[in-house]
1. Out of all the residues in the stretch 383-400, which are buried (at least 17 other Cβ atoms within 10 Å of the Cβ) and either at pLDDT 90 or above or over 30 Å from residue 48 (Cβ atoms) (or both)?
2. Can you give me the number of residues within the stretch 274-289 that are surrounded by 14 or more Cβ atoms within 10 Å (Cβ to Cβ) and part of a loop (DSSP other than H, G, I, E, B)?
3. Tell me whether the stretch 63-80 contains one or more residues that are surrounded by 15 or more Cβ atoms within 10 Å (Cβ to Cβ) and among the β-branched types (Val, Ile, Thr).
4. May I ask you to verify whether residue 240 is touching a residue at least 24 places away in the same chain (Cβ under 8 Å) and either under 30 Å from residue 139 (Cβ atoms) or under 17 Å from the mean Cα position of the chain (by Cα) (or both)?
5. Test each condition in (1) over 18 Å from residue 391 (Cβ atoms); (2) among the acidic types (Asp, Glu); (3) under 20 Å from the mean Cα position of the chain (by Cα) for residue 111 and report the one that comes out false.
6. Report yes if residue 33 is touching a helix residue (DSSP H, G or I) at 6+ places or on another chain (Cβ under 9 Å) and either modelled with pLDDT under 80 or farther than 18 Å from residue 302 by Cα (or both), otherwise no.
7. In the stretch 198-218, how many residues are modelled with pLDDT of 85 or more and part of a strand (DSSP E or B)?
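The values are calculated or read from the model by the stated rules, or taken from the named source; none is laboratory data. Note that the coordinates shown come from a computational prediction; the quantities given were computed from them, not determined experimentally. Cβ placement follows ideal geometry from the backbone for every residue including glycine, while neighbour counts extend to all protein chains displayed.
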Amino acid sequence: MNNILTRIVLLIIFSFTILNSWTNAQWLDVSSNVSVNLKDVCFSDSSNGWAIGSNSTILHTNDGGFIWTMQTCPLVNQSLNKVFFLNKDFGVIAADKGLILRTRDGGIHWEESTFDTIVNFKDICFIDTSLGWVVGGSINKTGKNFGFILKTMDGGLNWSKQYETDTTLSYSEGNFTAIKFSDEKKGYAFTSSSGAQLYTTIDGGTNWYKKGSFFYGISNMDVFGDTIWVSGQGFASTVNQGQTWSYNSVLGGGVQDLVMLDGNNGFIISAWLNDKRLLSTKNGGLSWEDIWVYDGAVFLAMYINPLNNFICLVGSNGRIVINKSFLTAIVDSPRLTEMSMHLFQNFPNPFNPITNIKFRISAPGYYSLIVYSSIGEEVMRSINYYSRAGIYNIIFDGKSLSTGVYIFNLIGKNGSLSNKMLIQK
């Protein structure tokens, strides 16, 4: 009897050990061969990724995050803060001292542009290989924070100032720390000082409007539909452009990064004192659950791709961790479709008879672009074949069609996206 009990106990211990080892094995610490703070990470596809950070560090992987190699940076001893790659060739980096880098060959060569050496750029966003924005700020001689929003229309070669915060006010409007655009026209930006101010635009940044404010500093932002999520000293969301906020302190604050997959599912990295966690929400941030309570160097940024179940985290002391089987619990999320393809509003609209329909494909596959009349009759089928990742522009000729509303629909393996357009003759 004792032998049987002993075997059962040993079997339970052995099974637990195997299960625990399997679980831990999902989180793989990989070597970066650097000891600097890695501040951001971005992948253009399932193979190619970049991690950037202090001391002008640019790392590249072409095997999905297992092996990282140093790329040559033209800057010396600079802090690189944000990296954005639209495809495996085109990428941009926002840095301190008014510096912006861009590459058109996957980082083999980097081109440098300078705006104002007093400005530290904190975030960057591109819609396509031409149109993008960068934000940042600094402190002027009177001790006030000020911020800038810059725009490029030639892929980052030249930048023009769209907005500058007012330093003549009795209070500080703060530095810009985060920016997001959902299309060529609609964008959001945040300043962060003792409080945070939301700015919005509906014309591509020609005009920026102050909206609601938030009483905590903001370092990261994500947008899905009409909901805006922000993180920094805690986590909060708003559905009315900042007039009211739903706030969650999340273990006391110290949220390093934020990624929302849709209106409900999202992830944050939280580091508060010695409490370091990766957490998830399934209700838009109202409550959070631990995914991983970790030790060692603090993570500062993460990249998540639900299409291939992948996460990469980077942080202090050159730490990089990947997990290739991460999102098994999340299925059929609307953001899966959004991340794999994006359908822009046609331009011009209304039109007669020619317009451009542009869309972005992030993963190769079979895609179709179909135009329907308002009663559901198919009037055009432009593509129905295997397409590589990239940006496509279809010229639509409506000369044979009558005045009215038409629906254009992009269909891929993860779902479909649609928009309306108006022929006006």
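1. 396, 398
2. Total meeting the criteria: 4.
3. No, the stretch 63-80 has no match at all.
4. Considered against the rule, which asks whether it is touching a residue at least 24 places away in the same chain (Cβ under 8 Å) and either under 30 Å from residue 139 (Cβ atoms) or under 17 Å from the mean Cα position of the chain (by Cα) (or both), residue 240 comes out as no.
5. Only one criterion is unmet by residue 111, namely (3).
6. Spelling it out, residue 33 is indeed touching a helix residue (DSSP H, G or I) at 6+ places or on another chain (Cβ under 9 Å) and either modelled with pLDDT under 80 or farther than 18 Å from residue 302 by Cα (or both).
7. Number satisfying all stated conditions: 7.
Yes/no per residue for (1) assigned to a loop (DSSP other than H, G, I, E, B); (2) modelled with pLDDT of 90 or more; (3) not assigned by TED's automatic domain parsing to the domain that holds residue 222:
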site: 117; (1), (2), (3): yes, no, no
site: 122; (1), (2), (3): no, yes, no
site: 129; (1), (2), (3): yes, no, no
site: 133; (1), (2), (3): no, yes, no
site: 137; (1), (2), (3): no, no, no
site: 143; (1), (2), (3): yes, no, no
site: 150; (1), (2), (3): no, yes, no
site: 156; (1), (2), (3): yes, yes, no
site: 166; (1), (2), (3): yes, no, no
